[in-house]
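Novice: Dumping the structure here so I can ask a few things about it.
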Amino acid sequence: MSYDLIVIGAGPGGYVCAIRAAQLGLKVACVEGRDTLGGTCLNVGCIPSKALLHATHQLHEAEHNFDAMGLTGAKPKVDWKKMLGYKSDVIGQNTKGIEFLFKKNKVDWIKGWASIPEAGKVQVGDKTYDAKKIVIASGSESSPLNGVKVDEKIIVTSTGALELGKIPKKMVVIGAGVIGLEMGSVYARLGAEVTVVEYLDRIIPGNDGEVAKTFQRMLGKQGMKFILGAAVQSATATKTKATVTYKLRKDDSEHSLDADTVLLATGRRPLTEGLGLDALGVKLTERGQIATDKHYKTSIDGVYAIGDVIEGPMLAHKAEDEGMAVAEIIAGQAGHVNYGVIPGVIYTWPEVASVGETEETLKEAGRAYKVGKFSFMGNGRAKANFAGDGFVKLLADKDTDRILGAHIIGPYAGDLIHEICVAMEFGAAAEDLARTCHAHPTYSEAVREAALACGDGAIHA
Ligand SMILES: Cc1cc2nc3c(=O)[nH]c(=O)nc-3n(C[C@H](O)[C@H](O)[C@H](O)COP(=O)(O)OP(=O)(O)OC[C@H]3O[C@@H](n4cnc5c(N)ncnc54)[C@H](O)[C@@H]3O)c2cc1C
């Protein structure tokens with residue numbers, strides 16, 4: 001009943017923290033209220049959405065590219081129940097994997113919902129556990145939107161969208177961020193008419209503007225429609241249908257759309273309910289996140305917080321890195337996360353990946369920079385694989401050539417970005433990448449060509 005560390009929440013932040021702390025010799029328990037480990041990410045987030053993206057990408061390839069390669073035959077039929085079964089298997093394998101890792105590393109899983117009655121104590125049901133240190137990794141939940149009543153059947157969050165009873169004919173997605181576009185893309189590939197309604201005048205806010213425009217064009221070619229600059233007023237459902245009303249910001253005119261399914265994807269908010277933080281006196285930020293210092297300490301001694309519940313991008317790998325860092329700090333080591341080099345990926349086809357500065361942030365900071373850009377059309381592998389649409393854009397300091405950021409839209413962008421992340425961690429110049437031999441024929445050659453374009457020029461452009 002007594003631990004060096006109790007972690008609350010077994011998402012990527014919490015479970016990674018628990019495992020690392022155990023590896024560093026601490027006696028650790030992790031409390032999780034869900035029936036399975038892995039948090040949002042493994043149960044209703046990253047992993048199930050990527051399973052559906054993978055399956056529907058294969059369908060898209062079969063429908064659009066097989067014939068051109070001489071692979072002829074009947075178009076594959078979609079067995080939706082079976083596809084959902086595949087997704088559930090993937091979740092099961094992953095969540096069971098964390099259970100195995102807990103056993104292997106001697107982390108105790110305390111099942112139930114935790115609260116913190118006082119520093120040094122964690123309450124789960126009628127049991128109270130002593131903990132020298134506590135890490136809160138309680139994650140996040142979908143943000144609500146005024147006028148939109150979620151029932152998780154017709155009007156759904158991402159959780160309901162991963163489990164729809166049938167493939168909708170018409171779907172309205174509220175919000176053109178990562179989750180909305182990924183799930184919208186899944187259903188568009190399955191034949192739904194998908195319309196994305198977004199408040200801003202652009203999609204994927206925060207990403208490079210040029211990438212966003214290219215991405216919108218590509219998704220448009222795949223059949224997705226966009227209504228930008230539109231403020232959703234309401235979404236109401238009958239037993240089988242929904243109506244979404246919105247006002248165009250440019251002229252305040254009101255419009256409506258009918259749909260079989262409405263996906264509310266306007267963002268997520270930190271989840272702190274039930275932890276007893278108010279009574280404990282834990283300070284929150286204005287946005288409801290748990291306030292922490294650079295070492296993830298909250299305003300209460302011995303209580304730390306990491307992941308989606310604190311500030312910063314709501315990403316699984318950001319939570320994981322913080323989990324490792326805080327475990328190391330608690331064990332007396334120098335845990336650290338470099339927030340300047342956290343990649344962001346959208347797992348549509350093509351993928352979109354970014355790291356570091358954008359042209360917009362560099363202009364705002366008044367920093368002189370140069371752009372090295374290379375189109376996948378000049379990449380032999382991409383051309384052969386029907387993946388020539390898109391580009392790599394590398395941003396480097398104008399004087400020193402140091403890499404400041406990168407933005408990729410194209411095949412496997414989410415994997416390609418890491419070469420640039422490593423280069424940035426080592427403080428590399430674009431020339432360092434440009435002088436590194438890259439195997440041919442690979443998509444990675446496009447990254448090298450973009451680096452060459454920061455200097456004397458790309459070869460295949
Ligand atoms: C549809 C979707 C797709 C996504 N795709 C990606 C992606 O591709 N890549 C990416 O990086 N990120 C993605 N994310 C975001 C990612 O899932 C989160 O950033 C990540 O899960 C945050 O990890 P966490 O450990 O902070 O919290 P969570 O994963 O939310 O885990 C928190 C856990 O704490 C538990 N908990 C909460 N309160 C208590 C309590 N009082 N007692 C006990 N247990 C408690 C919860 O049940 C939960 O299991 C996606 C999210 C969604 C919704």
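Novice: Pick from Phe226, Phe215: which is touching a residue at least 40 places away in the same chain (Cβ under 8 Å), touching a Leu at 6+ places or on another chain (Cβ under 9 Å) and part of a helix (DSSP H, G or I)?
Specialist: So the residue among Phe226, Phe215 that is touching a residue at least 40 places away in the same chain (Cβ under 8 Å), touching a Leu at 6+ places or on another chain (Cβ under 9 Å) and part of a helix (DSSP H, G or I) is Phe215.
Novice: Looking only at helices (runs of 4 or more DSSP H) that fall completely inside segment 1-74, which ones have 3 or more residues that are open to solvent by 30 Å² or more (accessible area, probe 1.4 Å) and more than 8 Å from the ligand (Cβ to nearest atom)?
Specialist: By residue number, 46-64.
Novice: From Pro117, Pro144, Pro168, grab the single residue that is away from the ligand (no atom under 11 Å from the Cβ) and in contact with a Gly (Cβ under 8 Å, 6 or more places away or on another chain).
Specialist: Matching residue, one of Pro117, Pro144, Pro168: Pro117.
Novice: Moving on. Of the residues in segment 175-191, how many are in contact with a Ser or Thr (Cβ under 8 Å, 6 or more places away or on another chain), in a loop (DSSP other than H, G, I, E, B) and of a type in the set (A, V, I, L, M, F, W, C)?
Specialist: 1
Novice: Still on this structure, I have one more. Scan segment 162-173 and tell me whether some residue there is in a helix (DSSP H, G or I), out of contact with any Leu (no Cβ under 7 Å at 6 or more places or on another chain) and not small (Gly, Ala, Ser).
Specialist: Step one: filter segment 162-173 for residues in a helix (DSSP H, G or I), giving none.
No, segment 162-173 has no match at all.
Novice: Of the residues that make up segment 92-107, is at least one in contact with a helix residue (DSSP H, G or I) (Cβ under 8 Å, 6 or more places away or on another chain), closer than 22 Å to Ala325 by Cβ and assigned to a strand (DSSP E or B)?
Specialist: Checked segment 92-107: no residue is in contact with a helix residue (DSSP H, G or I) (Cβ under 8 Å, 6 or more places away or on another chain), closer than 22 Å to Ala325 by Cβ and assigned to a strand (DSSP E or B).
Novice: Out of the residues in segment 150-161 meeting the condition of being under 17 Å from Arg269 (Cα atoms) and assigned to a loop (DSSP other than H, G, I, E, B), tell me which one is farthest from the chain's Cα centre (by Cα).
Specialist: For segment 150-161, the residue satisfying everything is Val150.
Novice: Looking at the structure I just gave you, is Thr348 among the hydroxyl-bearing types (Ser, Thr, Tyr) and part of a loop (DSSP other than H, G, I, E, B)?
Specialist: Answer is yes for this residue.
Novice: Scanning segment 294-341 for residues that are part of a strand (DSSP E or B) and touching a Ser or Thr at 6+ places or on another chain (Cβ under 8 Å), which turns out nearest to the ligand (Cβ to nearest atom)? Step through it out loud before you land on a result.
Specialist: Filtering segment 294-341 for residues part of a strand (DSSP E or B) gives 297, 303-305.
Retained after the next criterion (residues that are touching a Ser or Thr at 6+ places or on another chain (Cβ under 8 Å)): 304-305.
Details: Tyr304: 13, Ala305: 9 Å.
Taking the candidates together, the pick is Ala305.
Novice: For segment 79-100, how many residues are touching a residue at least 40 places away in the same chain (Cβ under 8 Å) and either in contact with a Phe, Trp or Tyr (Cβ under 7 Å, 6 or more places away or on another chain) or surrounded by 15 or more Cβ atoms within 10 Å (Cβ to Cβ) (or both)?
Specialist: Here the count works out to 8.
Novice: Do we have any residue at all in segment 302-320 that's surrounded by fewer than 21 Cβ atoms within 10 Å (Cβ to Cβ) and over 25 Å from Gly45 (Cβ atoms)?
Specialist: yes
Novice: If you don't mind, another one. Which count do you get for residues in segment 235-249 that are exposed (fewer than 15 other Cβ atoms within 10 Å of the Cβ), assigned to a strand (DSSP E or B) and touching a residue at least 60 places away in the same chain (Cβ under 8 Å)?
Specialist: Summing the residues that are exposed (fewer than 15 other Cβ atoms within 10 Å of the Cβ), assigned to a strand (DSSP E or B) and touching a residue at least 60 places away in the same chain (Cβ under 8 Å) in segment 235-249 gives 0.
Novice: Out of all the residues in segment 283-306, which are touching a residue at least 60 places away in the same chain (Cβ under 8 Å) and out of contact with any helix residue (DSSP H, G or I) (no Cβ under 9 Å at 6 or more places or on another chain)?
Specialist: Asp301, Gly302
Novice: State whether one or more residues within segment 369-377 are of a type in the set (S, T, N, Q), part of a strand (DSSP E or B) and at negative phi.
Specialist: yes
Novice: Only one of (1) farther than 20 Å from His255 by Cβ; (2) crowded, with 21+ Cβ neighbours inside 10 Å fails for Val172. Which number is that?
Specialist: Evaluating Val172 over (1) farther than 20 Å from His255 by Cβ; (2) crowded, with 21+ Cβ neighbours inside 10 Å leaves (1) as the failure.
The values are calculated or read from the model by the stated rules, or taken from the named source; none is laboratory data. Everything numeric here is computed off the predicted structure, so don't read it as measured data. Positions of Cβ are generated from backbone atoms using ideal geometry, with glycine treated the same way; all protein chains shown enter the neighbour counts. Note: accessible area is taken over every heavy atom of the protein model, side chains too, but ligands, DNA and RNA are not part of it. Shrake-Rupley method; radii C 1.70, N 1.55, O 1.52, S 1.80 Å.
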